[in-house]
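The block underneath contains the structure these notes are about, expressed in structure tokens.
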């Protein structure tokens, strides 16, 4: 009986993880369709971080980590190796920062601040990869990246707050309530 | 609703005072870093082309009379369209074509890159470029 419960648990978790990963990829695909309004093409607001932040705070770092890996693999398949390294470097650094902030609990930031800090870490990770490809010229993008991470990260935090009830409902649909 | 109030999120508020301080500090830092290049009054306009991590060529965009296409080969070939006062990626063999979508660069401080081809172009008001871009 205990064994069946565990197997079912894994199935439920896998299903939820699949849905969340698909949502993260869909969000980043959709924002790629918006004509570039930022001064550097390829710069995107990074709203798929909404899903990663939800997973990290509500389900645990492991969930969020799998989403980050899934997103990077999707980038590898659709946009090639460069996109893969950009995605994984930004994704992991960003996840590390948000996990740290969520762990601080009441001493940490609110959702807006967490969004900003993780967007900043995401950009930093990508900039480091770009530095290896482009050389020191890549650093000249830094001021702009700092500014845009405040805007995009802040908006990400606000959107997460709004869609939170929906995501929580999605979560409880897949996972049996344990409390 | 009771199950929602038990989640971690509702213990996490949308905005804390710290968040505003963080945002303010970052905006201030980026503006300070951007200011020198924005306030510079200069009519000169140079395009600096970087190829595989190194400065490849500098073009004075104000002295271009007839527009032309320039081929630069990093890990793959890209074509740059050079016109009076602007430079753009015309074509590239990369999968996502983000470089081409960047369009024409005509103001100083603008830059565009084709990461798969390892080619970057940057428009600036001095012909130097290189490592000192960190300070701008």
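Only the coordinates and a few stated rules stand behind these numbers; no lab work does. Since we're looking at a predicted model, the values are computed, not measured. Note that each Cβ is placed from the backbone with ideal geometry, even for glycine, and that neighbours are counted across all protein chains shown.
Here are a few things to note about the model shown:
- Size-normalised alpha-carbon gyration radius of chain A, reference 2.2 N^0.38 Å: 1.07
- Gap separating the Cα centres of the stretch A:121-179 and the stretch A:44-114, nearest whole Å: 6
- Mean separation of Cα contacts under 8 Å, 6 or more apart, over the residue count of the stretch B:46-131: relative contact order %: 30
- The stretch B:46-131: projected area of the alpha-carbon convex hull, averaged over directions, in nm²: 4.8
- Segment residue B:76-residue B:43, extension gain: residue separation times 0.36 nm, minus the distance between their alpha carbons: 8.5 nm
- More than 31 angstrom apart: percent of Cα pairs within the protein assembly as shown: 37
- When you restrict to C-alpha pairs under 8 Å that are six or more residues apart and normalise by the size of chain A, the relative contact order lands at 23 percent.
- Note on residue A:78 and residue A:104: with the Förster distance fixed at 41 Å, the Cβ-Cβ geometry gives a FRET efficiency of about 0.70.
- Scattering profile of the stretch A:114-179 at q = 0.15, 0.23, 0.26 Å⁻¹ [log10 I(q)/I(0), Debye over alpha-carbon scatterers]: -0.61, -0.90, -1.01
- A Förster distance of 45 Å, applied to the separation of the beta-carbon atoms of residue A:11 and residue B:69, puts the FRET efficiency at 0.20.
- Relative contact order for the stretch A:93-179: 34 percent, from Cα pairs under 8 Å spaced at least 6 residues apart, divided by residue count.
- Hull volume in cubic angstrom per residue (convex hull over the Cα atoms of the stretch A:47-143): 93
- Degrees between helix A:142-174 axis and first principal axis of chain A (Cα, 0 to 90, nearest 10): 10
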